[in-house]
1. Filter region 91-113 down to residues that are of a type in the set (Gly, Ala, Ser) and open to solvent by 40 Å² or more (accessible area, probe 1.4 Å), then give me how many there are.
2. Here is a list of conditions, (1) at pLDDT 95 or above; (2) open to solvent by 50 Å² or more (accessible area, probe 1.4 Å); (3) closer than 20 Å to Leu88 by Cβ, and Thr136 meets all of them except one; can you say which number that is?
3. Please specify each residue of region 114-133 satisfying the condition of being part of a helix (DSSP H, G or I) and open to solvent by 20 Å² or more (accessible area, probe 1.4 Å).
4. Could you tell me whether region 147-158 includes any residue that is within 17 Å of Ala21 (Cα to Cα) and not hydrophobic (A, V, I, L, M, F, W, C)?
5. Output yes when any residue across region 138-151 is within 18 Å of the chain's Cα centre (by Cα) and in contact (Cβ under 8 Å) with a residue 40 or more places away in the chain, and no when none is.
6. Just name the residue that is nearest to Ala118 (Cα to Cα) out of those in region 70-84 that are open to solvent by less than 10 Å² (accessible area, probe 1.4 Å) and small (Gly, Ala, Ser).
7. Does Glu58 satisfy being among the acidic types (Asp, Glu), open to solvent by 60 Å² or more (accessible area, probe 1.4 Å) and touching a residue at least 24 places away in the same chain (Cβ under 8 Å)?
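The values are calculated or read from the model by the stated rules, or taken from the named source; none is laboratory data. Nothing here was measured: the structure is a model prediction, and the numbers come from that model. Please note: Cβ atoms are built from the backbone with ideal geometry, for glycine as well, and neighbour counts cover all protein chains shown. The protein model used for the area step is the full one, side chains on, heavy atoms only, and it has no ligands, DNA or RNA in it. Shrake-Rupley method; radii C 1.70, N 1.55, O 1.52, S 1.80 Å.
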Amino acid sequence: YYTAERIKATLRACEECGINAFVGRGDRHIMRALNEYWNEGGRLKWIGQQAPEWVPIEKNIREIADHGAIGCYLHGGVVDHLFAEGKLDSAREYLALMKDLGMVPGMAAHNPQVPLYAEEHRLGAEFYLVCFYNLTLRGGDVYLPEDREAAVKTIQQIRKPCIAFKVLAAGRNNPEEAFTYAYRNIKPTDLVCVGVYTKHHPRQVQENVNLVQRLLKAASQPSETR
């Protein structure tokens, strides 16, 4: 469904709603769409995800930098695997390369213990993508409430910015409940990343933004007026 034209249309819808950054894979399809989008006047910033099928990792990181990403992060599945194998310290060189190339370095993880380990060992990440559900441990699309409790506990312990993702449990959670839970539990410096699929919901971007703005406005008001 997401041809280059539809990707660009979705990015323009995000921009019109006040969103200013896109989290996307560092593959040829995304980079082509982004180049066209920027050449046509688009202004969204790109945070690039290392594409696990592209090897070596260093080459993909350099390509992401060459295509204009402001930040780059290691793929969560790659990071989880390194952690399980006791090799997460090897991420240090990739994070250093991202920084050397002028990007903000980060890493994603489904296992909430990974960011804590990375911080304790000072691997060099300056931000983390923290999954609300530990899909690596569950071995597939299993979304348990206790997983997101563990995720927000990790987010609250880490002083660096975090990006919470899969907060909607791949469409399984009620959006109002999911966004309310996320924004009540992340830090003021944190973000939420959600995917959108506009084929059957053309205004999904606008609806998400309107919902979040309403929830944040309500949260900022004194309790007696709610």
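1. Of the residues in that region, 2 qualify.
2. (1)
3. Correct list: Leu116, Tyr117, Glu119, Glu120.
4. Checking region 147-158: not a single residue is within 17 Å of Ala21 (Cα to Cα) and not hydrophobic (A, V, I, L, M, F, W, C).
5. No, there is no match, as no residue in region 138-151 is within 18 Å of the chain's Cα centre (by Cα) and in contact (Cβ under 8 Å) with a residue 40 or more places away in the chain.
6. Checking each candidate, the answer is Gly76.
7. On the way: among the acidic types (Asp, Glu): yes; open to solvent by 60 Å² or more (accessible area, probe 1.4 Å): yes; touching a residue at least 24 places away in the same chain (Cβ under 8 Å): yes.
Yes; evaluated as a whole, the condition is true for this residue.
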